[in-house]
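The values are calculated or read from the model by the stated rules, or taken from the named source; none is laboratory data. Computed from a prediction, not measured in an experiment: that's the story for all the values here. Note: ideal-geometry Cβ built from the backbone for every residue, glycine included; neighbour counts use all protein chains shown. Ligands, DNA and RNA are excluded from the accessible area calculation, which covers all protein heavy atoms including side chains. Shrake-Rupley method; radii C 1.70, N 1.55, O 1.52, S 1.80 Å.
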Amino acid sequence: MSSPVRGLVVGEATWRPGTAGPVRWEPQMVSPGLSGDDVSRVLGEAPSGLPPASAVPRPRVEAGRPFRLALSPFGDRGLVCLRATAVTPPDASGAVPLRLTCLVVDPDAVGRQLPRPAEFWDAPLWTVAPGRPLPPLTPGPIDDAALTAFARTHPDQREVVFAAVERALRAGGPLLVVGDDPAATAHWAWLVGRLLLPISAWRLPFSTHERLAAPRPEGAVPFGIAGVPTTDAAAAQALAAREFTVLADDEQPVRGGRRWWALRSGPTVAVGPWARLAETVVVAGLLPDVAQRIDALAAEAGRPATRKPMWALGAAVLLLDDVDDLGDLAADAADLVREQEPAGLAGDGPLLHRLAGLLTAHTRPVVDEAVTQGSPSRVDALWQDVRTRVVPEAGEALTRNLSRLSGVVRRGLEAAHDRARERRGDDLPGSLLAVAALLDADAPAADRREVLDLACDVLVPALLDARTDPLRAGWLPIPGWLWEELVPELEAAPLFEDGGRLPGTVLSPRVHRWLGSLSLPVGQLRVEALQRTGPVEWERAAHRVYVLRSATVSPLERAAAFLGSVSSTVANRGVPVEAVAAQAAGSTYPGDSLDAATASVLMAVLPVGFPFSWALAPVLQRTAPSATTRAAVARLREREVVPIALADVVERHER
């Protein structure tokens with residue numbers, strides 16, 4: 001295979017801080033094989049946005065690293081150009097020399113010869129002096145350890161980034177990372193690139209520093225991922241309503257449920273199958289192995305593999321050595337491959353041949369209609385199978401882990417294990433709860449981790465078993481710390497994730513009673529409070545609203561129950577998507593009790609995929625125009641297109 005690098009161009013310019021306007025780039029080095037038109041195009045498409053103040057080095061300091069690393073298409077020959085723009089220390093007059101280094105690459109020839117583009121952040125390549133030979137194309141300092149450290153300082157952002165990139169790959173708007181550290185965007189582009197074939201990574205445009213104020217058509221950002229300085233934060237915020245995902249670098253997103261996140265910019269971000277699988281791969285520590293198999297696939301998959309770039313992640317997961325032990329993760333990977341497998345993808349390579357067999361082996365079983373309708377017998381039998389399979393393993397783990405626990409917990413665990421043996425393992429959840437009760441705030445973290453690991457295997461299936469009666473079995477109350485850790489495990493269970501039962505019935509009445517006030521939404525009905533709820537809070541609230549029909553349900557609980565009803569597959573079977581919110585509002589707010597102020601909060605949190613117009617229309621029809629209804633209508637206009645049939649009703653409240 002010929003080299004994928006088609007040429008190198010180095011240009012220089014001078015900029016005086018405080019002056020506006022584009023800089024003029026002069027070529028200083030041009031590799032053979034590039035025409036004059038090529039050089040003009042490389043330098044002519046260079047960034048007109050000037051560097052941020054943070055990128056300007058102090059005098060008598062060596063040249064700073066590039067503040068802008070950008071990948072974009074180059075001409076009409078299928079080539080791409082990777083540009084790095086750096087600044088050097090000001091001279092005696094205060095002028096700042098700028099340096100632009102451009103690498104022209106043919107993605108079709110990349111194969112496994114070249115690192116992915118974001119791996120060149122801060123790479124030695126960009127410091128080559130004019131007239132000197134091209135240095136080895138080695139990557140920069142970002143690696144798995146650097147990414148782990150970066151993720152710790154950016155909590156809860158990773159899955160949002162995956163979700164935004166998936167939307168961009170599905171022809172949605174790009175991800176804008178707003179902040180003054182271009183390295184943040186470089187880290188995210190590096191991580192996303194690891195989960196794509198090399199050729200796909202070289203065809204996903206990105207920029208670590210992009211001025212939205214630069215001359216360009218309004219809203220035109222020709223990148224899948226772009227870093228935006230805080231000086232352009234307002235312009236980025238305005239793009240949030242145009243299917244752009246706008247994530248502030250210092251923001252901690254709020255999880256609205258297992259499948260979506262809420263951001264400061266307003267619109268929610270839905271988590272699709274590629275993003276969920278990518279997040280699981282990273283959390284489970286599978287990234288190095290998965291990335292290795294993606295690289296191996298690159299040697300067998302030709303250009304057709306790039307038509308739907310997300311398939312490679314699912315294929316790599318299926319090709320893991322221990323795929324048979326991954327359970328639902330393998331099934332999710334197979335579903336992604338079947339959805340995204342490009343037409344024309346074929347080959348005689350061993351990996352692609354093996355992949356065909358794995359897709360058949362990990363086909364998700366067809367669910368019996370009785371299960372979809374929430375049949376207790378079949379669903380409970382599935383969970384009982386899990387429970388029976390886990391109990392002996394958990395019993396062995398109790399014994400195996402004794403030596404790793406502190407004295408007081410070890411003695412409690414021994415007593416619990418004796419109790420479990422006497423009952424033939426039938427009450428391991430109760431035994432674990434007895435041990436968990438010994439772990440107070442001062443207990444060693446290792447003790448909690450050991451008990452939590454066992455509780456995930458034993459307690460979660462028991463809580464979802466309709467026959468479980470915690471009070472009759474004499475279970476102690478579940479400690480708050482353990483419940484907080486188990487909530488994500490419950491949300492990941494099939495009954496929660498797939499909506500196999502009606503809202504308020506995923507957990508049995510006896511389990512609801514035993515849980516007491518745990519995960520019941522508490523506080524005033526505000527957007528931020530509702531955004532902090534998730535599937536478990538929705539289930540707890542729905543049980544009080546739909547099953548108990550309690551007279552003391554708070555507005556926040558009722559709103560959480562509404563979200564649970566909207567997200568329920570069973571409750572909305574056969575209902576057109578435009579009517580889902582209206583049906584949920586009717587069952588949650590009986591007797592015309594939904595008001596405009598509450599509707600505004602619901603609209604702020606409800607995913608945009610569920611239109612709210614038909615739910616709001618009855619409220620507007622029975623309510624006199626006011627500032628509150630005008631605000632509700634304004635929020636409706638922001639989130640969706642109002643149906644023509646409702647135009648008059650809505651416009652009455654805008655006059």
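Of note:
- Options Ala164, Ala213, Ala146, Ala168: the member that is over 14 Å from Glu119 (Cβ atoms), in a helix (DSSP H, G or I), modelled with pLDDT under 90 and aliphatic (A, V, I, L, M): Ala168
- Inclusion of Val281 among residues that are crowded, with 21+ Cβ neighbours inside 10 Å and under 30 Å from Leu606 (Cα atoms) is warranted.
- The stretch 578-603, subset of a type in the set (S, T, N, Q) and without any contact (Cβ under 8 Å) to a residue 24 or more places away in the chain, residue surrounded by the most Cβ atoms within 10 Å (Cβ to Cβ): Gln583
- Any hit, the stretch 518-525, residues being out of contact with any Ser or Thr (no Cβ under 9 Å at 6 or more places or on another chain) and surrounded by 16 or more Cβ atoms within 10 Å (Cβ to Cβ): yes
- Test set (1) within 19 Å of Arg510 (Cα to Cα); (2) touching a residue at least 60 places away in the same chain (Cβ under 8 Å) - Trp483 fails condition number: (2)
- Residue in the stretch 594-611 that is part of a loop (DSSP other than H, G, I, E, B) and more than 25 Å from Trp260 (Cα to Cα) present: yes
- When we screen Ala183, Ala129 for residues that are farther than 21 Å from Ala284 by Cβ, among the aliphatic types (A, V, I, L, M) and at pLDDT 85 or above, the only hit is Ala183.
- Of all residues in the stretch 572-609, those being closer than 14 Å to Phe562 by Cβ and modelled with pLDDT under 90 number 3.
- Subset of the stretch 326-338 [under 20 Å from the mean Cα position of the chain (by Cα) and modelled with pLDDT of 85 or more]: Ala330, Ala331, Asp332, Ala333, Ala334, Asp335, Leu336, Val337
- Out of Arg158, Arg194, sole residue that is more than 14 Å from the chain's Cα centre (by Cα), open to solvent by 20 Å² or more (accessible area, probe 1.4 Å) and at pLDDT 90 or above: Arg194
- Of all residues making up the stretch 288-325, the number that are assigned to a helix (DSSP H, G or I), open to solvent by less than 10 Å² (accessible area, probe 1.4 Å) and at pLDDT 85 or above: 12
- Scoring Leu490 on the criteria (1) touching a residue at least 40 places away in the same chain (Cβ under 8 Å); (2) assigned to a loop (DSSP other than H, G, I, E, B) leaves a single failure, condition (2).
- Failed item in (1) modelled with pLDDT of 80 or more; (2) within 11 Å of the chain's Cα centre (by Cα); (3) surrounded by fewer than 21 Cβ atoms within 10 Å (Cβ to Cβ), with Trp261 passing the rest: (3)
- So Asp108, is it over 25 Å from Thr185 (Cβ atoms), at pLDDT 75 or above, part of a helix (DSSP H, G or I) and out of contact with any His (no Cβ under 9 Å at 6 or more places or on another chain): yes
- Top-ranked residue in the stretch 604-641 [being among the aromatic types (Phe, Trp, Tyr) and free of Cβ contacts under 8 Å to residues at least 40 places away in the same chain; ranked as least open to solvent (accessible area, probe 1.4 Å)]: Phe612
- Restricting the first member to the stretch 451-472 and to residues that are assigned to a helix (DSSP H, G or I), and the second to residues that are of a type in the set (S, T, N, Q), the beta-carbon pairs closer than 7 Å and six or more apart or on different chains are Ala462/Thr468.
- Residues satisfying the stated conditions in the stretch 519-547, i.e. touching a helix residue (DSSP H, G or I) at 6+ places or on another chain (Cβ under 8 Å), in contact (Cβ under 8 Å) with a residue 40 or more places away in the chain and under 18 Å from Arg255 (Cα atoms): Leu525, Arg526, Val527, Leu530, Gln531, Thr533, Gly534, Pro535, Val536, Trp538, Glu539
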